[in-house]
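What follows is one structure encoded as structure tokens, with my remarks underneath.
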Amino acid sequence: MDTGGRLIAGSHNRNEFVLINADENARIKSVKELSGQTCQICGDEIEITVDGELFVACNECAFPVCRPCYEYERREGNQACPQCKTRYKRLKGSPRVEGDEEEDDIDDIDNEFDYGNLDGLGPQQAAEGAMSTRSRSNSGIPARSELDSSPLNSNIPLLTYGEEDAEISSDQHALIVPPFMGHGNRVHPMPYTDPSTPLQPRPMVPQKDIAVYGYGSVAWKDRMEDWKKRQNEKLQVVKHEGGNDGGSFNGDELDDPDLPMMDEGRQPLSRKLPVPSSKISPYRLIIILRLVILGLFFHYRILHPVNDAYGLWLTSVICEIWFAVSWILDQFPKWYPITRETYLDRLSIRYEKEGKPSELASVDVFVSTVDPMKEPPLITANTVLSVLAVDYPVEKVACYVSDDGAAMLTFEALSETSEFARKWVPFCKKFSIEPRAPEWYFCQKIDYLKNKVHPSFVRERRAMKREYEEFKVRINALVATAQKVPEDGWTMQDGTPWPGNNVRDHPGMIQVFLGHSGVRDVDGNELPRLVYVSREKRPGFEHHKKAGAMNALIRVSAVLSNAPYLLNVDCDHYINNSKALREAMCFMMDPQSGKKVCYVQFPQRFDGIDRHDRYSNRNVVFFDINMKGLDGIQGPIYVGTGCVFRRHALYGYDAPVKKKPPGKTCNCWPRWCCLCCGSRKNKKAKTPKDKKKKSKNKETSKQIHALENIEEGMEELAIVKYTGISQMKLEKKFGQSPVFVASTLLENGGVPHDASPASLLREAIQVISCGYEDKTEWGKEVGWIYGSVTEDILTGFKMHCHGWRSVYCIPKRPAFKGSAPINLSDRLHQVLRWALGSVEIFFSRHCPIWYGYGGGLKWLERFSYINSVVYPWTSIPLLVYCTLPAICLLTGKFIVPEISNYASLIFISLFISIAATGIIEMQWGGVGIDDWWRNEQFWVIGGASSHFFALFQGLLKVLAGVNTNFTVTSKGADDGQFSELYLFKWTSLLIPPTTLLIINIVGVIVGVSDAINNGYDSWGPLFGRLFFALWVIIHLYPFLKGLLGKQDRMPTIILVWSILLASILTLLWVRINPFVNRDGPVLEVCGLNCD
């Protein structure tokens, strides 16, 4: 699509559509200047011929008619101009029709007898028909919805294999265009027939005998021979020593059924690697033993209360029961852990044949950003550069950058990025460097001369590094300029005010930086498409934050490129492995299992984190243990970035249903069983006529599927789907854009080739308008799901409920890397946002506890989703349980009575089973003990702070309607290694963990002092209480280090608040101590005679 490198801004609701930064005199032009005349029949734009002139159908009156309408009128109509009634002459490029005069001056033998592909109309024509609905309604032609009510003729051709079928009439042995093909596939005029009158089958080419299309005809044999020839070309046989002349083969050997499996290109593109039985069998055994031990543990705890501390005992038992349930929800989804292996060489053999265009599917990449002050433009630029330089065919990659803050800084930075990409992309592909984000490539401490033998590499690398340093200077200058906003707002280079000066009230904006004609890299090669998108925002409309921005990108990309697959990355997650898209395609394009895969999730890996990972930013336990376990069930959950989607699954369609094997027949059961179930079986009994009909349909289905395999590319299913769903229902689901509605029916993607740039731009502006989603299913059943700030969990959950499965891909080189908040405050705010989203889902109708039954969601997968929305509630028992040790030390009481040998055995067995489970998980997950322990520590830290506040805010939102603002996590630039690790930012999230630390430390001091005063006998009971308190303090140790910071001093406000709360709680406990006898002190007679 050529926009001349100009910014497109407009509002569909306000009927605005302008071009900014025009080439002629830098003025705003109307969109009509981009296009020529419009066809007076269908309303489409009239094309430009190869000579650069406007197409003219009638040389007498020059009545505006497009070429498709002209050819349709000559082939099916009265062959005359609608205005002057002059007979149309054949023009160069059009096929000859009956009645044309002999032409000696036109040398056009290639097109003279070209009637096009009339074997059937594909979904592309169906899409064009949907696009033309609006134009037909304006020209008096019946709309699609009106024609859907007409009855369809049932004379659908039935294909036979060699033998005549007596039940099939002879007129159905040919391929006949079904009646529904006659309307809606192109926007040509046609007479409107009476619906009561049955439509007669029409042959594809009337001049030819219809019998030549039947099976056994010359045409059919030719097609079969062509298909065999194509298969022969694809077959690459593994050569065996001692074979026929060194491994050669003749045509007869193609009949060997084992031969295709010897072909590397026909092998599966991936495989599952289950965990070895030597690890997984003991792991499952220990889980079962742990369940048994838990049963015995609770049996003992409930039957042995502590009478003198009944409140403490009851509270502890309730907390322990909750922890046990939470453990079950977390543990059992890890019952079937697997890993996967991909075969990139097989993918290339299958879809990238030498000398032929690549058959890999197209991919649209979404990069989302909001605030350039918190998400530095340099980081976003590196992410975009890594996308543009990915190892994938350039014509099949399109990068869409969503600027939800409508910031001119982001726009200008993207403009600079597009210029630098013209130099960076060819450099990456020439020398195959990794990673392809320049910031991280130039800062890695490795020998860049290793494995580089190209003599010009050193010289070009130095030159490219200088270019990048200059690029950074320009970006940083833009950031410095943007610090102070002018009073009148920003203006563009031509003096036009920036449309996004008001962040909450601005039109939609689209700018195609790369991908349009004339923009190539420095070597003259084509570049991937780069599009800037900022959706329209107006007061009074709900914009749904990131989820709404992603849905706007879905619609824009569907109008402009409509790739069948989408990659979603955050602005700070660059592509670290240039073959990441190919890794995903090994699952998506696998002919055996790819059709049911809705998305491929990659693990998140991070740069710039300290070696000890104090706050568990890497989250290794979740990504390397939990996600592998889910991959063995129905697939991993969606984590918001680094995920390749199937566009069709995001549209809310169900997964393709796998045919079940035939069940047991009645002959497999005894006669008495049949008598017992007779009434049920009678309902399912079928008459011979029904069985005969079913057999007939089954054979027909086999024949049709065989034809699809031969043709390899026919897409009749899209047409059937289109005819089965009315236009009104589609618009109610997807919105009022005919172009976008048509694109949703194309499962393999693509846009109409004859669509004009002006019409696509109008549709693109319409689909990002703020009111487009009103009264549609966007955010409910289609696209990213609304209702939570963690839209990723909801979106993946809905797709799994539709029967789809997901895949977890862990390549040897991490596919994506990002930046994480490494200081304590930012990390807690990030966890707070995640937990708040889970609380919102818990109170919504999409809660996995009660939603999605009867669909395709598996039970263990449901356990995982329940755990993902329930875990914030664990903060309440966790806070209480961490307070119990201090209370026990201060009061001298304990939650467990004096234990016996049996109880000691149970407690020791429980601790051993917990340790054994963790050790085996670390073995099959490849996780180190440091990462595992940091995860355990931060589970307590986050539960005592962020999760508790998220629960409180969620309850306020549901009960009182108090909304919380979405806080973007800062992505700091590399200003020094771990410079932010010791940066302290005040937040109320720090108060609860600090209070827990202080009261437990005070409790330890009080308990030890009491033991010293009371003598040797008090040390035994003290041991259990001390162990309990030290368990809490050790888990909170990273939090304590974060508070002290690099200077080993605590902020005054934290110290004051924590001491105050600890003192109040301590004094309050002394005042209302329930364990003191209320009847007064017990007086005993002194044994000494003081007299």
Check your understanding: Among 463-473, 564-574, what's the highest-first ranking by average C-beta atoms within 10 angstrom per residue?
Key -> 564-574, 463-473
Exercise for review: Return the FRET efficiency for the residue pair Glu936, Thr49: r is the Cβ-Cβ distance, R0 is 51 Å, and the value is rounded to the nearest 0.05.
Suggested key: 0.10
**Study point:** Gln40-Glu781 FRET efficiency (beta carbon distance; Förster radius 45 Å; 0.05 resolution)
**Key:** 0.70
Practice item. Would you check the accessible area of Met408, probe 1.4 Å, heavy atoms only, in square angstrom rounded to 10? Key: 20 Å²
Review point. Among rounded, prolate and oblate, which fits segment 340-428 when a ≥ b ≥ c are the square roots of the eigenvalues of its C-alpha gyration tensor, a/c under 1.5 means rounded, and a/b larger than b/c means prolate?
Key: prolate
Exercise for review: Just read off the accessible area of Ile328 with the full protein assembly in place, 1.4 Å probe, to the nearest 10 Å².
Suggested key: 50 Å²
Practice item. Assuming a ≥ b ≥ c are the square roots of the Cα gyration tensor eigenvalues, decide whether segment 369-470 counts as rounded (a/c under 1.5), prolate (otherwise, with a/b larger than b/c) or oblate. Key: prolate
Study note, to complete from the structure: Pseudo-spin-label distance Ala915 to Glu354, built 7 Å along Cα→Cβ, given in nm, is 6.0 nm
Point to revise | Rounded accessible area of Phe1027 (nearest 10 Å², 1.4 Å probe) | key: 110 Å²
Revision key, fill the gap. Taking 896-903, 582-589, 952-959, 351-358 and ranking on average Cβ neighbours within 10 Å, highest first, one gets 582-589, 952-959, 896-903, 351-358
Revision key, fill the gap. FRET efficiency for Val97 and Asp345 from the Cβ-Cβ distance with R0 = 41 Å, rounded to 0.05, comes out at 0.25
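Would you kindly state how much longer the chain becomes between Ala960 and Gln444 on full extension, computed as 0.36 nm times their sequence separation minus their alpha carbon distance, in nm to one decimal?
Residue separation times 0.36 nm, minus the Cα-Cα distance, leaves 180.7 nm.
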Review point. So for the pair Val503, Leu273, with labels modelled 7 Å out along Cα→Cβ, what separation do we get in nm?
Key: 4.6 nm
Practice item. Evaluate the distance, in nm, between pseudo-label points positioned 7 Å from the Cα of His299 and of Lys465 along their respective Cα→Cβ axes. Key: 7.0 nm
Practice item. Please check which bits of segment 547-561 a label hung off Glu395 would reach, taking the label as a point 7 Å along Cα-to-C-beta and the cut-off as backbone N under 17 Å. Key: 561
Practice item. Would you mind classifying segment 747-791 by shape? Square roots of the alpha carbon gyration tensor eigenvalues, ordered a ≥ b ≥ c; an a/c under 1.5 is rounded, otherwise it is prolate if a/b is larger than b/c and oblate if not. Key: prolate
Point to revise | Ordering of 595-607, 995-1007 by burial proxy (mean other Cβ atoms within 10 Å per residue, highest first) | key: 595-607, 995-1007
Check your understanding: In nm, what is the difference between 0.36 nm times the number of residues separating Asp371 and Ile866 and their Cα-Cα distance?
Key -> 174.9 nm
Exercise for review: Calculate the dipole size of segment 545-616 relative to its Cα centre from +1 charges on Lys and Arg beta carbons and -1 charges on Asp and Glu beta carbons; express the result in debye to the nearest 20.
Suggested key: 240 debye
**Study point:** Gain in span if fully extended, Val325 to Asn1013, counting 0.36 nm per residue against the direct Cα distance
**Key:** 243.5 nm
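The values are calculated or read from the model by the stated rules, or taken from the named source; none is laboratory data. These numbers were taken from a predicted model, which means no experiment stands behind them. Note that we place each Cβ from the backbone using ideal geometry, even for glycine, and neighbour counts take in every protein chain shown. When the accessible area is computed, the model is the full protein with side chains, heavy atoms only, and any ligands, DNA or RNA have been set aside. Shrake-Rupley method; radii C 1.70, N 1.55, O 1.52, S 1.80 Å.
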